Amino acid sequence: MSRRGRFPFAVVLLCALAAGCGGGAGGGGGSAPPPQPTPTPTVYATSAGYTGASEQVPLPVGLGAVTIPAASQPVTAGTTVTISISTSPLPGFAALQSQLRQTRSARGPSSAWTGLTPVYYVTLVFSSTVVLPALPAYSFALASAPSSPLFVAYFDPSNAPPAWRIGAEGPGLVAGGGLTVTFGGLNGTVTFAGGAAYDFVLYLNPSASPSPTPTPTPSPSPTPTGPTPTPTPSPTPTLTPTPSPTPSATPTPPANAMQISPTSLQVSPQGTNTFLIQDYVAGGAPYTGVFTMITDTCTGAGYATSNFSSTAPGPTQTVTVTGGATAGSCSLQFQDAVSPTPRTAFVNITNYAAGLGVHDHGRVSH
């Protein structure tokens with residue numbers, strides 16, 4: 001993908017006056033009303049360092065997280081990524097009225113942006129040029145269960161002409177009672193030019209097939225209890241093996257990475273939800289050290305508490321979160337003890353006490 005930047009669009013305000021624009025000889029038309037200012041959208045932004053390893057960056061105010069895959073090429077030291085999100089078009093955002101490229105096919109037909117309802121507008125800006133093997137993966141917190149399948153569109157300035165790629169990711173996996181949706185990214189080399197803004201839209205598509213839901217984890221078979229009977233000798237003994245329990249399927253993250261799944265979750269007062277910390281070192285070996293909670297903006301604010309253990313060894317730990325009495329969004333950040341550079345991972349938590357919606361989120365500082 002070639003180097004590219006933002007393609008801003010002009011916003012033109014037209015005013016037609018009933019008496020002054022017709023050119024007729026009417027007497028004394030009134031003065032034109034002053035133009036009304038365009039409302040400024042509420043924009044939340046966050047920045048994080050990017051070394052070229054897989055990085056999970058929490059979105060502001062508990063709106064989810066972005067997982068940037070490991071870079072395909074070396075990354076300039078000191079590179080950062082700035083992510084902005086809003087429920088309205090961000091300043092300079094690519095116009096949705098432009099044509100959209102159909103899902104996953106550069107040769108497919110284009111279609112207008114019709115019947116699709118934007119939910120979040122997201123912009124990524126890397127401070128230096130970064131080449132990735134796939135688009136970032138997303139996890140979004142929703143104010144209510146979606147009425148239609150959710151997708152992510154990507155504005156691709158390398159197209160001729162530049163255009164939106166509708167359905168670049170999706171349909172999203174809906175979980176958490178319909179209040180969380182995740183996307184796994186889209187494979188294919190993509191170049192993010194340093195300093196240029198790249199636009200993404202989370203949107204509803206009512207004409208698409210229903211969004212998938214998580215498959216329940218199979219329960220292990222029960223382990224036999226009681227003493228094992230002693231076999232009776234016989235002229236031709238037959239040994240019957242003791243059945244072993246079937247282990248539950250546990251997703252394994254990429255080697256040399258610390259991850260939390262899901263990256264955002266919701267609770268209600270005294271309600272519970274869980275997330276999983278996983279950590280594997282180079283070569284896929286399990287991390288056996290302990291985890292440390294280095295950021296907690298939930299407990300002191302009354303949003304939520306957790307049963308996290310700072311003494312339980314890795315490579316995994318399932319943490320239960322219990323909602324507090326206060327509505328709001330917060331985050332927990334954990335760190336391992338890998339040398340020489342410990343890894344970190346975030347989880348964003350939203351307490352929907354008293355019907356908290358998207359516009360009710362409070363800002364969380366990290």
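What the table shows:
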| quantity | calculated |
| --- | --- |
| Per residue, in Å², the accessible surface of segment 121-194 once ligands and nucleic acids are set aside, probe 1.4 Å | 28 Å² |
| Residue-count net charge about Phe291 - beta-carbon cut-off 11 Å; Lys, Arg +1, Asp, Glu -1 | -1 |
| Segment Val43-Ala285, length gained on full extension (0.36 nm per residue, minus Cα span) | 83.1 nm |
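The values are calculated or read from the model by the stated rules, or taken from the named source; none is laboratory data. Small disclaimer: the values here were computed from a predicted structure and weren't measured. Virtual Cβ from ideal backbone geometry, glycine too; neighbours counted across all protein chains shown. Just the protein is used for accessible areas: all its heavy atoms, side chains included, with ligands, DNA and RNA removed. Shrake-Rupley method; radii C 1.70, N 1.55, O 1.52, S 1.80 Å.
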